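The values are calculated or read from the model by the stated rules, or taken from the named source; none is laboratory data. Because the structure is a prediction, the values reported are computed rather than measured. We place every Cβ from the backbone using ideal geometry, glycine too, and count neighbours over all the protein chains shown.
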Amino acid sequence: MDFDHLAHVRRNPDTFAPGGVLHLILEVVAYAADEAECGDGGRCVVTLHIDGSVSVADDGRGTDTRLDEHGRAVKKPVMASKDLRFFDHPEAQVLFDGHPRRGMSVVAALSEWLVHTNRRHGGSWTQRYEQGAPVTDLAPIAGDGTTGTVVHFRPEEPLRAAGGVKADELLLPWRWLTVEVDDRRTGSNQMSR
């Protein structure tokens, strides 16, 4: 975990979440799109919850998780450290909002809380973060026969107050990914084509 990195992101929300909550959602959906491209396409559901939280669930392989020498599950530290493929990289992918991709640590750092649930062949786990730092260990959960990742997060109040996200803003043409938006604030459900 990189406390300095998380603190830097938290001090600069206008830089790392330009446009607010929309940018954070696009950061998460970009990972689902990566998974879809690695396979033969994929699907994700973005749920806009009444409490201002957002969940993004995909049907990919799940976050890379392995067992250490003591048999404990260890996953890539994407939530609490820089993703060197994107963060401050001059050729980072530009997301649909016109701003560069920075990685999942930006979403975790700029959220009151984030729960990452990961289902892979061979195991399923969940972990909770608060303001980017893990507050629980990686806890095993019962498998359900599926694979994929769910990232459920509640952006910090200033980002939520800056303006809401409209469901149609999320129906974007990702190359390998179909996106469904479940807007529980209004009771609508929409899908990208």
*Restricting attention to strands (runs of 3 or more DSSP E) lying wholly within the range 125-193, give those where 3 or more residues are surrounded by 13 or more Cβ atoms within 10 Å (Cβ to Cβ) and charged (D, E, K, R).*
177-183
*asked:* residue 101 - would you say it is out of contact with any Ser or Thr (no Cβ under 6 Å at 6 or more places or on another chain), of a type in the set (D, E, K, R) and either modelled with pLDDT under 85 or within 23 Å of residue 86 (Cβ to Cβ) (or both)?
replied: yes
*Enumeration of residues in the range 8-45 that are closer than 15 Å to residue 180 by Cβ, part of a helix (DSSP H, G or I) and of a type in the set (Gly, Ala, Ser)*: 32, 33, 36
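Residue-by-condition table, conditions (1) modelled with pLDDT of 90 or more; (2) more than 21 Å from residue 45 (Cα to Cα); (3) of a type in the set (Asp, Glu); (4) in contact with a strand residue (DSSP E or B) (Cβ under 7 Å, 6 or more places away or on another chain):
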residue	(1), (2), (3), (4)
127	yes, no, no, yes
140	no, yes, no, yes
159	no, yes, no, no
164	no, no, no, no
180	yes, no, yes, yes
